[in-house]
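The values are calculated or read from the model by the stated rules, or taken from the named source; none is laboratory data. In this text, all values refer to a predicted model and were calculated from it rather than measured experimentally. In this analysis, Cβ positions are derived from the backbone assuming ideal geometry, glycine residues included, and neighbour counts consider all displayed protein chains. In case anyone asks, the SASA skips ligands and DNA or RNA and just uses the protein heavy atoms, side chains included. Shrake-Rupley method; radii C 1.70, N 1.55, O 1.52, S 1.80 Å.
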Amino acid sequence: MQSITPPAVSGFDEMFAREGAVRPHYSSYHGWLLGQSKELLHRKRQEAELLFHRVGITFNVYGEESGAERLIPFDVVPRIIPEQEWRHLEQGTAQRVRALNQFLDDIYHGQEIIRAGRIPADQIYGNAHYQPCMQDVDLPNQVYSHVSGVDLIRDGEGTWYVLEDNLRTPSGVSYMIENRRVMMRLFPELFAGQSVAPVEHYPSLLLDTLQHSSAVPYPTVVLLTPGRFNSAYFEHAFLAQQMGIELVEGADLFVKDGFVYMRTTAGPQRVDVIYRRIDDDFLDPLAFNPDSMLGVPGLLSVYRQGKVVLANAIGSGVGDDKSIYPYVPEMIRFYLGEEPILENVPTRLCRRPEDLQYVLEHLPELVVKEVHGAGGYGMLVGPAASREEIESFRQRLRARPDNYIAQPTLSLSTCPIFVEQGIAPRHIDLRPFVLSDGRAPRMVPGGLTRVAMNAGSLVVNSSQGGGTKDTWVVEAPSC
Amino acid sequence: MLSRTASDLYWLSRLVERAENTARMLDVAWNLSMMPFVANPRDEMIAPLMISGSHELYMSRHDDVQVREVLHFFTLDQDNPGSIFNCLRLARENGHAVRGKITAEMWESINSTWLELKEIRRGGLDQYGASAFFDWVKKRSHLFRGATYGTIMRNDAFRFLRIGTFIERADNTARILDVKYQIGTLYGVPSGGDAMDFYRWHALLHSVGAYESYRELYSEAINADRVAELLILGAEVPRSLRSCMQMLCELLPAIEGRAGQTAKRLAAVQFARLQYGDLEHVLDTGLHDYLTDFLRRINELADTIREEYLEVV
């Protein structure tokens with residue numbers, strides 16, 4: 001018999017409704033769960049860890065002893081989303097990515113949105129991710145963000161919000177796939193019992209997207225990694241292998257006569273599409289950071305001539321910056337003539353004096369983030385912070401208000417996970433992945449569910465000890 | 001195949017082979033050093049330093065050639081780039097870089113070798129026992145080769161792994177033969193019948209695992225000329241120079257693409273010299289000169305493979 005710790009009364013739980021009743025899409029799983037012993041789940045979790053170690057799904061954490069490899073904690077309880085609800089999320093995220101791609105194309109061309117007065121010009125030009133070298137460069141299919149990760153959360157009422165967009169090198173998709181594989185090995189009976197939408201075809205969709213992004217027939221596609229000391233190296237190797245393409249480092253590529261080539265045992269081979277998992281600044285030491293050992297000298301000039309495709313495009317980061325985020329609903333209206341399907345979290349820009357005033361007065365209840373930050377670094381979670389932390393943050397905020405945004409502390413929904421004491425609720429988010437190549441955006445159902453492993457914690461980032469769980473999109477029970 | 005990948009595979013197997021050969025060479029030297037007729041055990045330990053060309057490095061850090069120090073220098077010494085410890089550490093790093101190109105069983109073999117080696121190093125060579133350690137290294141190398149042979153696809157990855165093995169093995173067999181022959185000549189008659197001479201050549205055959213082959217092929221006392229013939233020209237002996245060159249001659253042309261014309265030619269020429277060579281020619285040239293020439297050629301081939309396949313510009 002399972003001991004199940006009920007969720008907090010105030011929040012939204014994925015499995016249990018307020019009165020403790022099991023939500024319909026979880027009824028089948030819940031029934032199964034009640035019949036499992038704690039020992040069995042414990043054993044299954046150990047088995048899962050063994051599988052992850054064997055496949056080598058490890059994660060390098062910056063700042064730890066070099067070469068330290070760690071598993072991202074994996075939870076055996078799936079996060080289930082009813083199919084109908086997924087359709088809503090799918091439409092909402094795809095809509096958002098369509099608008100963001102049009103925004104990037106506009107920003108690097110006619111800048112209609114600035115001229116229409118919908119976004120202040122200095123928000124673009126002053127943005128660290130805006131790349132002047134991309135001005136008036138025409139990209140195939142006008143696509144900038146081929147692979148986008150949109151982070152979704154839900155508040156205490158269960159309403160979905162977009163927390164942030166990731167248009168540079170969003171990671172985590174390998175965990176989505178491996179989590180599913182492990183779940184199917186551990187609990188095959190669960191998959192026989194209900195129809196869980198498959199996700200394992202993601203690499204073939206990705207390859208198709210990358211191939212379609214080039215005008216060259218049968219293009220040669222490679223994945224460019226910073227190397228094996230990068231935190232996401234496992235994912236780079238995994239995706240390259242699943243797509244059957246070469247995993248290359250900067251030194252494997254070179255530029256000659258206006259094209260990019262890779263060094264192979266059969267001589268130089270032309271490269272048409274580079275799925276790069278390296279930041280803009282490190283791509284080309286001649287154009288950006290001259291100290292970069294990771295990039296390819298001369299790559300930018302070939303790129304600007306349209307002789308190679310980079311996915312995602314250089315300069316895409318201007319679209320996912322936290323200071324641009326508040327304007328995304330406006331972009332959707334401006335470019336698509338549609339109302340946003342998914343809402344933004346209400347956000348205050350500290351660069352605005354009235355917003356700054358409000359934020360300084362309400363620090364203990366707000367989440368404050370650096371506009372260019374990522375991975376949960378450099379942020380203040382007001383309700384969880386000590387008085388000293390708040391005061392030191394206040395000083396930083398006063399010194400550089402334009403570097404910060406603030407949002408209300410949304411509680412994040414909870415989902416049960418398996419812990420030593422049994423089953424207990426933990427906060428989660430969701431990152432679906434959107435593939436764009438000029439045709440309608442494509443997604444596999446679900447995405448990566450990240451879990452804050454400590455009770456009450458709201459930080460789900462894997463770099464900060466967060467875990468993951470399998471995400472199921474299931475057909476509604478026919479009743 | 002990506003040149004870097006080919007290079008990582010090549011060095012992965014080359015370093016495993018080097019670790020194995022180092023263990024074989026030390027095993028023999030150490031056993032000989034304990035023989036009653038050896039005036040000074042230290043004299044026998046000079047041979048491995050000469051064979052590996054690390055005499056200077058050793059002497060820069062030690063005052064004298066001592067059995068225990070030499071054993072440590074070649075096995076678990078972190079500061080000797082050619083120690084077994086460093087060979088296997090680097091082999092594992094190369095394996096890690098090409099995990100997507102090798103099988104899970106190959107990776108698990110090289111990875112667990114590394115993990116065990118770290119444990120052995122913690123306890124020290126004295127605790128583990130030198131003989132047991134040499135056997136362990138040989139076994140781990142056999143295991144890796146077996147996992148490779150039994151699981152990997154017959155593609156360029158397999159070929160570059162094999163090329164690394166045979167380049168390293170040919171180099172090693174030539175060196176060990178050269179040094180033993182020089183020491184043999186130094187101490188007494190090269191093909192005499194005294195006990196010391198017998199044990200010396202006996203030990204050399206053991207070190208390259210060819211003792212049984214000798215017994216089967218020649219029904220005569222073990223002597224220097226026959227040993228040289230077997231290890232240079234022997235068609236049936238897997239560690240002979242001829243066998244190594246034959247494998248390289250088969251592997252290089254099988255690699256996809258048209259690169260590597262020079263490497264293929266050098267390998268073919270050298271194989272022909274061995275295939276159609278005879279002992280008389282070797283002895284006329286002088287064994288030391290013959291082997292010096294061979295080492296120059298095998299190194300030229302290795303350099304050419306590097307230029308034509310592994311770092312293509």
Practice task
Within a 10 angstrom radius of each residue's Cβ in B:300-311, how many Cβ atoms of other chains show up on average? Whole number is fine.
Solution key: 1
Exercise for the section: Between B:E116 and B:T292, with labels modelled 7 Å along Cα→Cβ, what's the label distance in nm to one decimal, could you check? Expected result: 4.1
Problem - Rounded FRET efficiency, nearest 0.05, which uses the C-beta distance separating A:H362 from A:R87 and R0 of 45 Å - result: 0.80
Completion exercise
Note: probe point = Cα of B:R42 + 7 Å toward Cβ; backbone nitrogen < 13 Å; residues of segment B:65-86 passing the test are B:65-70
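Please give the contour-minus-distance gain from B:E56 to B:E300: 0.36 nm per residue of separation, less the Cα-Cα distance, rounded to one decimal in nm. Walk me through the numbers before you get to the answer.
Working: separation 244, 0.36 × 244 = 87.84 nm, distance 2.35 nm.
Gain in length upon complete extension: 85.5 nm.
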Exercise for the section: State the extension gain, in nm to one decimal, for the chain segment bounded by A:H201 and A:E475, taking 0.36 nm per residue of separation less the distance between their alpha-carbons. Expected result: 96.8 nm
Practice task
List the residues of segment B:1-30 that lose 10 Å² or more of accessible area once all protein chains are present, compared with their chain alone (1.4 Å probe, heavy atoms only, no ligands or nucleic acids).
Solution key: B:M1, B:L2, B:S3, B:R4
Fill in the blank from the handout: Once the mean of 1/r over all distinct C-alpha pairs in segment B:213-260 is inverted, the Kirkwood radius in Å reads 12.3
Problem - In Hz, Karplus ³J(HN,Hα) per residue of segment A:96-112 (6.51, -1.76, 1.60; θ = phi - 60°; x = Gly, Pro) - result: 4, 5, 4, 5, 5, 5, 5, 4, 5, 4, 5, 4, 8, 10, x, 6, 4
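Rounded to the nearest 0.05, what FRET efficiency do B:E311 and A:E19 give with R0 = 51 Å and r taken as the Cβ-Cβ distance? Could you check?
Values: r = 68 Å, r/R0 = 1.34.
Computed FRET efficiency for B:E311 and A:E19 comes out at 0.15.
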Problem - Dipole of the protein assembly as shown, positive end: most advanced residue of A:Q242, B:A221, A:T159 [Cβ charges, Cα centre] - result: A:T159
Practice task
Would you mind computing, in nm to one decimal, how far apart the modelled labels at B:E108 and B:D126 are, each placed 7 Å from Cα along Cα→Cβ?
Solution key: 3.7
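What value, in deg cm²/dmol to 500, does the helix sum -39500 (n - 2.57) over DSSP H runs of n ≥ 4 give at 222 nm once divided by the residues of the protein assembly as shown?
On the way: 29 runs with 370 residues, N = 792.
Per the formula, -14500 deg cm²/dmol.
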Problem - Potential extension, A:D257-A:E339 segment - 0.36 nm per residue separation minus Cα distance - result: 24.8 nm
Practice task
Could you run the Karplus curve 6.51 cos²θ - 1.76 cosθ + 1.60 with θ = phi - 60° over segment A:451-468 and give me ³J(HN,Hα) per residue in whole Hz, x for Gly and Pro?
Solution key: 10, 7, 6, 8, 4, x, 5, 10, 9, 9, 4, 5, 5, 10, x, x, x, 9
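Tally up the carbon and sulfur contribution to the accessible surface of segment A:99-215 as a whole percent, 1.4 Å probe, everything protein left in place.
Working: 2020 of 4160 Å².
Carbon with sulfur: 49 percent of the solvent-accessible area.
Averaged across orientations, what area in nm² does the convex hull of the alpha carbons in the protein assembly as shown project? Intermediate results must be reported in sequence, preceding the final value.
Working: hull surface 162.1 nm².
Average of the hull's projected areas for the protein assembly as shown equals 40.5 nm².
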Handout entry: Other protein chain Cβ atoms within 10 Å, averaged over every residue that makes up B:88-98
Key = 1
Completion exercise
For segment B:162-313, the percent of accessible surface on carbon and sulfur atoms (probe 1.4 angstrom, ligands and nucleic acids excluded) is 50
Exercise for the section: Quote the total accessible area buried by chains B and A together, excluding ligands, DNA and RNA, probe 1.4 Å, nearest 100 Å². Expected result: 1700
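Beta carbons within 10 angstrom, averaged per residue: use that to sort the peptides A:11-23, A:429-441, A:212-224, A:307-319, highest first. Don't skip to the end; give the middle numbers.
Working: A:11-23: 15.7, A:429-441: 21.7, A:212-224: 18.4, A:307-319: 25.3.
My ranking of the peptides, most packed first, is A:307-319, A:429-441, A:212-224, A:11-23.
Given a 1.4 Å probe, how much area per residue of segment B:1-152 is accessible, in Å²? Show your work: numbers first, answer last.
Numbers: 6230 Å² over 152 residues.
Per residue, segment B:1-152 has 41 Å² of solvent-accessible surface.
Return the Rg/Rh ratio of chain B with Cα-based radii and a Kirkwood Rh.
On the way: Rg = 19.3 Å, Rh = 20.1 Å.
Across chain B, the Cα-based Rg/Rh ratio is 0.96.
Classify segment A:326-472 as rounded, prolate or oblate from the Cα gyration tensor: take a ≥ b ≥ c as the square roots of its eigenvalues, call it rounded if a/c is under 1.5, otherwise prolate when a/b beats b/c and oblate if not. Write out the running numbers ahead of the final one.
Numbers: a/c = 2.28, a/b = 1.09, b/c = 2.10.
Oblate, because a/c is 1.5 or more while a/b does not exceed b/c.
Give me a single rounded figure for A:224-231: the average over its residues of other chain Cβ atoms within 10 Å of their Cβ.
Values: counts 0, 0, 0, 1, 4, 0, 0, 0.
Taking the mean over all residues of the peptide, I get 1.
Using mean Cβ contacts within 10 Å as the protection proxy, how do A:71-82, B:76-87 order, highest first?
Details: A:71-82: 21.2, B:76-87: 18.8.
Order by mean packing, descending: A:71-82, B:76-87.
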Fill in the blank from the handout: Scaled by the rule-of-thumb 2.2 N^0.38 Å, the alpha carbon Rg for segment B:1-152 gives a ratio of 1.10
Fill in the blank from the handout: Taking protein heavy atoms only, a 1.4 Å probe, and rounding to whole percent, the accessible area of segment A:260-303 owed to carbon and sulfur comes out at 55
Problem - Probe 1.4 Å, accessible area per residue of segment B:162-313, Å² - result: 44
Problem - Cα-based shape type of segment B:127-186, given that a ≥ b ≥ c are square roots of the gyration tensor eigenvalues and the cut on a/c is 1.5 - result: oblate
Fill in the blank from the handout: In the protein assembly as shown, taking the dipole from +1 charges on Lys and Arg beta carbons and -1 charges on Asp and Glu beta carbons about the Cα centre, the listed residue (A:F187, A:A232, B:F166) farthest towards the positive end is A:F187
Practice task
Mind giving me the nanometre distance, one decimal, between the label points for A:V216 and B:T285, set 7 Å out from Cα along Cα→Cβ?
Solution key: 4.7
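Given a Förster distance of 45 Å, report the FRET efficiency between B:D63 and A:R304 from their Cβ-Cβ distance, rounded to the nearest 0.05. Walk me through the numbers on the way to the answer.
Numbers: r = 63 Å, r/R0 = 1.41.
Once rounded, the FRET efficiency stands at 0.10.
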